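Engineer: Sending over a structure as structure tokens; questions will come in a sec.
The values are calculated or read from the model by the stated rules, or taken from the named source; none is laboratory data. Quick caveat, the model's predicted, so the values are computed rather than measured. Glycine gets a Cβ as well: all are built from the backbone with ideal geometry, and neighbour counts include every protein chain shown. These area figures cover heavy atoms from the full protein model, side chains too; ligands, DNA and RNA do not enter into them. Shrake-Rupley method; radii C 1.70, N 1.55, O 1.52, S 1.80 Å.
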Amino acid sequence: MAYPKLAAALAAVVAFGGTFGSGAWAQDYPTRQITMVVPFSAGGPTDTVARLVAEKMSSDLGQQIVVENVGGAGGTLGAGNVAKAEPDGYTVLLHHIGMATSATLYRKLAYDPLNAFDYVGLVTEVPMVVVARKDFEPADFAGFTEYVKANADKLTLANAGIGSASHLCGMLLMQALEAPLVTVPYKGTGPAMTDLLGGQTDIMCDQTTNTTQQIKGGTIKAYATTTAERLPLFPDLPTATEAGLPALQVGIWHGIYTPKGTAPEINERLSQSLQKALADEGVVKAMADLGTAPEPAENATPAALKAKLESEIARWKPVIESAGVYAD
């Protein structure tokens, strides 16, 4: 007769132990190396952002965060790998605005961008700059818009591939100017910038993290930013809104995600570490040198990132559908 009581007692212990063990495991996290997947090539603007925060988060967490570049398919290959990864906190994803646009750009996506992940927080929103080869004829942005409209069929617009930041910004640029340029997609930001520097292409729209040094060095010509206000880094550079193109306003925001089912305590621990990294003076300065700034602590949270993703999916859906350009 004692067996039922013993079985019940053992069941209670197992149930309690399982809950306690899970909580204790989350509290001990991390105990080994973490992989941060960047779904774009090494050396690109998103990779630059990832390595800045990974280094400082590693110090805070007491375990190294190794950045792994998994490029291809407009960022969906790396994101898809993380969506299928074990939700144990040891594989995380740092992705940009492409997380939102992929929901519409890819009509047969292997994962649901909104529901296949849990959230850690927003990292930064990088401004975009409209640039051209250094010997491009127009002297200012007003002249640029007139020249592009008059010569749309003769000019080339480079981008880092469908779904890339430069592709999205370029799509908005063409819509704002009502000028369907000849687009030239590349396999990554590096090759696209190389050909712009060499004069093989005419125009590009890309992040300050990738264009700042070239603009300062005079190897490319900058015409306007896509921000609401002028950038402290380039105070003499007008915004597209100032030039009468308010529709050309876009920033490339970045966020950190974990696979769906990751313990909330782990996501919160990562979020706290991210907030500390973004408040670090070295990170603040490094981002300022690249023309951007860390997100404030209230945005480096799971709730803020989820809200941003939801709103951006809704924003870009009609833009992409109107353009009728899909990645599959």
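Engineer: Once you place label points 7 Å from the Cα toward the Cβ at D28 and K108, how far apart are they in nm?
Structural biologist: 4.5
Engineer: How much FRET efficiency would the formula 1/(1 + (r/R0)^6) give for A142 and V325, where r is the Cβ-Cβ distance and R0 is 25 Å, rounded to 0.05? Could the numbers behind the result be given before it?
Structural biologist: On the way: r = 28 Å, r/R0 = 1.11.
Result of the calculation: an efficiency of 0.35.
Engineer: Ignoring ligands, DNA and RNA, what percent of the 1.4 Å accessible area of the range 122-228 is carbon and sulfur? Write out the running numbers ahead of the final one.
Structural biologist: Details: 1970 of 3900 Å².
Using a 1.4 Å probe with all protein chains present, the range 122-228 comes out at 50 percent carbon and sulfur.
Engineer: Determine, for each peptide in 115-126, 232-243, the mean count of other beta carbons within 10 angstrom over its residues, then list the peptides with the highest first. Don't skip to the answer; put the middle values down first.
Structural biologist: Working: 115-126: 23.2, 232-243: 15.8.
Descending mean neighbour count gives 115-126, 232-243.
Engineer: Could you give log10 I(q)/I(0) at q = 0.16, 0.18 Å⁻¹ for the range 15-140, computed by the Debye formula over C-alpha point scatterers of equal weight, without solvent?
Structural biologist: Treating every Cα as an identical point scatterer, log10 I(q)/I(0) equals -0.88, -1.03.
Engineer: For a quick protection proxy, order the peptides 271-280, 89-98 by their average other-Cβ count within 10 Å, most packed first.
Structural biologist: Numbers: 271-280: 20.9, 89-98: 25.4.
My ranking of the peptides, most packed first, is 89-98, 271-280.
Engineer: Once you sort the root eigenvalues of the Cα gyration tensor of the range 47-121 as a ≥ b ≥ c, which label holds: rounded (a/c under 1.5), prolate (a/b larger than b/c) or oblate (the other case)? Let's see the in-between values first.
Structural biologist: Numbers: a/c = 2.24, a/b = 1.76, b/c = 1.27.
Since a/c reaches 1.5 and a/b is larger than b/c, the shape of the range 47-121 is classed as prolate.
Engineer: So what is the accessible area of the chain per residue, in Å², with the probe set to 1.4 Å?
Structural biologist: It amounts to 44 Å² per residue over the chain.
Engineer: If I take every Cα pair under 8 Å that is 6 or more residues apart in the chain, average their sequence separation and divide by the length, what percent do I get for the relative contact order? List each step's numbers first, then the result.
Structural biologist: Values: 637 pairs, mean separation 85.7, N = 328.
The value is 26 percent.
Engineer: Further question: With r defined as the distance between the Cβ atoms of K149 and T194 and R0 fixed at 41 Å, what FRET efficiency is calculated, to the nearest 0.05?
Structural biologist: Working: r = 27 Å, r/R0 = 0.67.
The computed FRET efficiency comes out at 0.90.
Engineer: Out of all DSSP beta bridges in the chain, what portion is antiparallel? Express it as a percent rounded to 5.
Structural biologist: Values: 24 of 39 bridges.
Beta bridges within the chain, antiparallel portion: roughly 60 percent.
Engineer: Quickly work out the L77-to-E310 label distance, labels modelled 7 Å from Cα along the C-beta direction, and quote it in nm with one decimal.
Structural biologist: That separation, rounded to one decimal, is 3.3 nm.
Engineer: OK, next. Given the range 187-328, what count of lysine pairs have C-alpha atoms under 17 Å apart, with each pair 8 or more places apart or on different chains?
Structural biologist: On the way: K260/K306; K276/K285; K306/K317; K308/K317.
Taking the Cα cut-off of 17 Å, the pair count is 4.
Engineer: List, largest first, the extents of the alpha carbons of the range 177-328 along their principal axes, each in whole Å.
Structural biologist: Principal axes ranked by extent give 50, 39, 31 Å for the Cα atoms.
Engineer: Here's something else I'd like to know. Output the Kirkwood hydrodynamic radius of the range 129-265, Cα pairs only, in Å rounded to one decimal. Don't skip to the answer; put the middle values down first.
Structural biologist: Details: mean 1/r = 0.0650 Å⁻¹.
About 15.4 Å, per the Kirkwood formula over Cα pairs.
Engineer: Okay, moving on. Measuring from centroid to centroid over Cα atoms, what is the spacing of the range 184-236 and the range 55-98 in Å?
Structural biologist: The two parts, judged by their Cα centres, are 26 Å apart.
Engineer: Still on this model: Between beta-carbons, use under 15 Å as the cut-off and find the net charge around G190, counting Lys and Arg +1, Asp and Glu -1. Kindly include the intermediate steps, with their values, before the conclusion.
Structural biologist: Details: positive: K187; negative: D47, D195, D206.
Taking every Cβ under 15 Å from that of G190, the sum is -2.
Engineer: Can you give the log10 of the normalised intensity I(q)/I(0) at q = 0.10, 0.15 Å⁻¹, computed with Debye over equal Cα scatterers of the chain?
Structural biologist: Debye intensities relative to I(0), on a log10 scale: -0.58, -1.19.
Engineer: Using a Förster radius of 51 Å, what is the FRET efficiency between E178 and V67 based on their Cβ-Cβ separation? Nearest 0.05, please.
Structural biologist: The calculated FRET efficiency here is 0.80.
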